[in-house]
Each structure stands twice: as C-alpha cells, then as structure tokens.
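Report on the structure given below.
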Amino acid sequence: MMTQMPILTPAASSSTLIAATPSLPSPVVLAYIAAAILFILAAAGLSRHETAVAGNVAGAVGMGVAVLAAIGLALSNQPARGVLPTLLLIVMGLALGSVIGLVVARRVAMTGMPQLIAVLNGLVGLAAVLVGVPLWTVLVTAGKSQAEALSPDLSLPSHWQLGANTAEVVSRARVGAAFIGSLLLLIPSVALVLVLGSMAAWVLARRSGRAAAVVYAVGICGIILPPAVVTLVLLLRQLGLAGTAVGMICAYVGMYLSTVIFFVTGFVRTVPVSLEEAARIDGAGPLRVFLTVILPLLRPVLATATILISLYVWNDVFYAFFVVGGRMDTLPLNLFAVASAGVHLNNWHLIFTYILLMSAPLVVLFTVFQRQIISGITSGAVK
C-alpha cells in the first residue's frame with residue numbers, strides 16, 4: 001500500500017541556492033563560456049550551406065574547449081571528492097570515441113553508402129539495446145507484486161498484476177489532478193512556443209547580413225545556455241509570477257523558443273520566396289502571407305518541434321519544483337513525491353507503474369506523428 005505523500009515545496013530559498021552553488025575557477029568559467037559561444041556560432045553556421053564549413057570548425061573547436069574545461073574542472077577539485085575517477089572517465093570516453101571514430105573513418109568512405117548505412121544501423125541497434133533494457137525493467141517491475149519488486153531486475157513476474165497496480169496508483173497518488181496540472185502547463189506553453197518561434201524563424205530566414213546573423217545567434221543561444229534556476233525564480237518573483245501557472249508557462253516559452261527557431265529557420269529557407277511574392281501581389285499582408293503560405297508548409301517541422309517541446313515540458317521536474325512546487329501539482333512533481341515515499345516503503349512496483357502511466361501520452365503522440373517527425377527532421381537539413 002502506498003501512503004499519501006505531502007506536497008513537496010522547495011526547501012531552499014534563492015539565497016540558499018546561490019550560497020550552495022559551488023564556485024568554479026575563473027579559467028574554467030571562461031572556457032565554458034567560450035565553448036558555448038562556439039557552439040552557438042556552429043549552429044548558426046550550419047543553417048546555411050555557404051557557412052557550413054565554418055560552422056563545423058566552430059563546433060569542433062568548441063567541443064575541444066569544452067573537453068579541456070571539463071578536465072580543468074576535474075583537476076581543480078580535491079582528489080578526495082572523486083576527481084581521479086572523473087578524470088579517468090573523461091579520458092576513457094575520449095579514447096574510446098576516438099578509436100571507434102578512426103576505425104569507422106578508415107574503413108567506411110563517405111561515398112560508400114551501403115557501408116555507411118550499415119554502420120548507422122549498427123549504432124541505432126546499440127542505442128535500441130541501451131534504451132530497451134531500462135524500458136523492459138520498468139515494464140516487468142510494474143507488473144510485479146511488492147515483494148517481487150523489492151530488487152528490480154529483468155525477470156518476468158510470477159503473476160502479472162499491472163492492472164491492480166495501475167488502479168492503486170490512480171486512486172492513491174492523485175494522478176488525475178497531476179495530469180490536469182501538466183496539461184494546463186503543456187498546451188499553452190507548446191502553442192505559444194510554436195507560434196512565436198515560427199514567426200521569428202520566418203523573419204530571420206528572410207533577412208541577410210551581419211545584424212540578422214547576430215540576432216539569429218542570440219535567438220538560438222537558449223539551446224546551449226540553459227537558464228539559471230536562481231535567476232529565473234528571482235525574475236518571476238519580481239514580476240509577481242512566482243508560484244503561478246502563468247509564470248511557469250512564461251519560463252517554458254523563454255527556455256524552448258530557441259529550439260523552435262533553430263528547427264524552423266532552416267526549413268523556411270527551403271521555401272521559395274516566389275510563393276510569398278505571389279501572395280503579396282494578390283494583396284496579402286505579412287500576417288496573411290504567414291498564415292496562408294508559410295504556416296501550412298511548416299506542418300512537418302512543427303510536428304517535430306511539438307514532440308520535442310512536449311517531451312521537455314511534460315517531463316520537467318527541476319524548474320517546476322522551484323517555480324510552482326507546493327502550489328501546483330504536475331505528473332513529474334507527483335512522481336517525485338511518490339518516489340520519495342517509495343524509497344522508504346519499497347513501493348517500486350507502484351513507482352514503475354506511475355512511470356508507465358506518465359509516459360503513455362508521449363508514446364501515443366509520437367506514434368501518431370511519427371511520419372511527420374521524420375519528414376520534419378530531414379526537411380530542415382542543410383541544402
């Protein structure tokens with residue numbers, strides 16, 4: 001049986017969070033900032049075929065700087081805190097990736113499409129195995145009894161009781177209220193991000209010059225530079241939106257607008273300008289051109305962006321915990337409360353059942369829009 005959990009609230013104030021944040025050495029901070037800038041320049045350069053080479057160079061240099069910064073951060077800490085294992089893992093990861101990359105590059109040429117596809121299929125298969133093992137663990141554990149689920153493993157349950165576990169979770173974990181709370185945040189956030197992001201991407205795609213490039217780089221910087229939670233909470237408090245659904249929606253829009261701008265801009269650049277000119281000749285204004293010409297063509301890429309943004313918002317627990325925690329219930333926050341109770345009560349079968357219930361809407365959404373997602377990813381590629 002699962003006991004009723006009290007609503008969790010942020011245990012630390014903004015000042016406490018600031019004080020608890022570890023200070024990094026200045027060279028490491030500067031290196032991370034430089035790497036982030038290079039990543040932004042790489043993303044901006046890869047959006048056009050004329051600057052794709054420069055974008056690749058900027059991305060490679062940025063990754064090198066980021067690796068050096070990670071090594072410097074590990075070396076700057078005390079060995080008692082695990083710096084040596086951290087440094088060893090970084091070196092092992094670099095060595096393993098370098099060996100695999102060199103072997104594949106020497107044996108498979110870019111023009112050898114069958115061999116290249118075979119390599120990519122092998123990587124996809126490896127990824128499927130790595131993802132499939134935890135998914136199988138979740139599924140079989142959700143169907144077990146409390147005694148069988150004390151130590152989650154890959155074995156099948158002796159008697160499937162997924163239905164009973166689901167009914168218990170729904171009745172005792174306030175899933176209905178949390179589901180409604182998640183929808184109240186998800187639907188407005190995704191709608192605003194898609195509308196504002198696609199409009200901004202359309203404008204940026206039709207502008208050229210250094211000023212437009214700078215604006216585009218600033219517009220997509222949110223992909224590389226995530227918002228600081230302390231700054232976010234303080235800003236919402238100054239605006240009087242802390243602890244409200246409106247404040248959380250504004251935070252999501254600000255965080256994920258860059259993702260839509262990045263996806264849609266490359267797609268809009270493949271749309272012939274003549275279509276817009278023909279609409280203007282017929283007397284259409286900018287808003288009508290966007291709604292009648294551009295927006296219908298953006299359906300594949302917007303389907304991809306919808307899945308990504310929905311995934312981010314639906315599964316978010318970190319920002320929601322500090323912004324609306326204790327004032328509004330969402331599925332991730334409720335799962336956090338259930339999991340916190342499960343650590344002491346060994347309700348692993350109920351925790352994994354909750355995870356299945358929480359993941360089901362996204363699985364259905366992905367299944368419905370799978371074809372549009374693949375089309376959106378390939379259509380926005382650099383031409």
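The values are calculated or read from the model by the stated rules, or taken from the named source; none is laboratory data. Bear in mind that the values here come from a model prediction, so they are computed numbers and not experimental data. Cβ coordinates were reconstructed from backbone atoms using ideal geometry, including for glycine residues, and neighbour counts include every protein chain displayed.
Listed here are the residues, each with its yes/no results for (1) among the small types (Gly, Ala, Ser); (2) under 30 Å from Trp348 (Cα atoms).
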position	(1), (2)
Trp160	no, yes
Ala164	yes, yes
Ala167	yes, yes
Ser171	yes, yes
Ala177	yes, yes
Pro188	no, no
Ala201	yes, no
Arg207	no, no
Residue check, Ser189 modelled with pLDDT of 85 or more, within 23 Å of Leu333 (Cα to Cα) and among the hydroxyl-bearing types (Ser, Thr, Tyr): yes
Residue count, the stretch 140-152 (criterion: crowded, with 16+ Cβ neighbours inside 10 Å and in a helix (DSSP H, G or I)): 5
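Quick grid of which residues meet (1) free of Cβ contacts under 8 Å to residues at least 60 places away in the same chain; (2) in contact with an Asp or Glu (Cβ under 8 Å, 6 or more places away or on another chain); (3) among the hydroxyl-bearing types (Ser, Thr, Tyr):
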position	(1), (2), (3)
Ser151	yes, no, yes
Thr166	no, no, yes
Ala200	no, no, no
Ile223	no, no, no
Leu234	no, no, no
Gln238	yes, no, no
Enumerated helices (runs of 4 or more DSSP H) restricted to the stretch 160-257, each holding at least 2 residues that are more than 27 Å from Pro361 (Cα to Cα): 175-205, 210-219, 221-224, 229-238
Any pair with Cβ under 7 angstrom, 6 or more apart, that starts in the stretch 21-32 at a residue that is among the β-branched types (Val, Ile, Thr) and ends at one that is modelled with pLDDT of 50 or more: Val28/Ala69; Val28/Gly72; Val28/Leu73; Val28/Ser76
Scope the stretch 153-211; condition out of contact with any Pro (no Cβ under 8 Å at 6 or more places or on another chain), buried (at least 21 other Cβ atoms within 10 Å of the Cβ) and among the polar types (S, T, N, Q); matching residues: Asn165, Ser189, Ser198
Qualifying positions in the stretch 155-186 - of a type in the set (A, V, I, L, M) and modelled with pLDDT under 80: Ala173
Residue count, the stretch 239-254 (criterion: in contact with a Cys (Cβ under 8 Å, 6 or more places away or on another chain) and not aliphatic (A, V, I, L, M)): 0
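Pick out the one residue from Gly55, Gly82, Gly101, Gly62 that is surrounded by 11 or more Cβ atoms within 10 Å (Cβ to Cβ), at negative phi and modelled with pLDDT under 80.
Gly55
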Unique residue being at pLDDT 80 or above and either under 17 Å from the mean Cα position of the chain (by Cα) or crowded, with 17+ Cβ neighbours inside 10 Å (or both) when the list is Ala242, Ala251: Ala251
Residue among Leu235, Leu204 that is over 26 Å from Ala43 (Cα atoms) and not aromatic (Phe, Trp, Tyr): Leu235
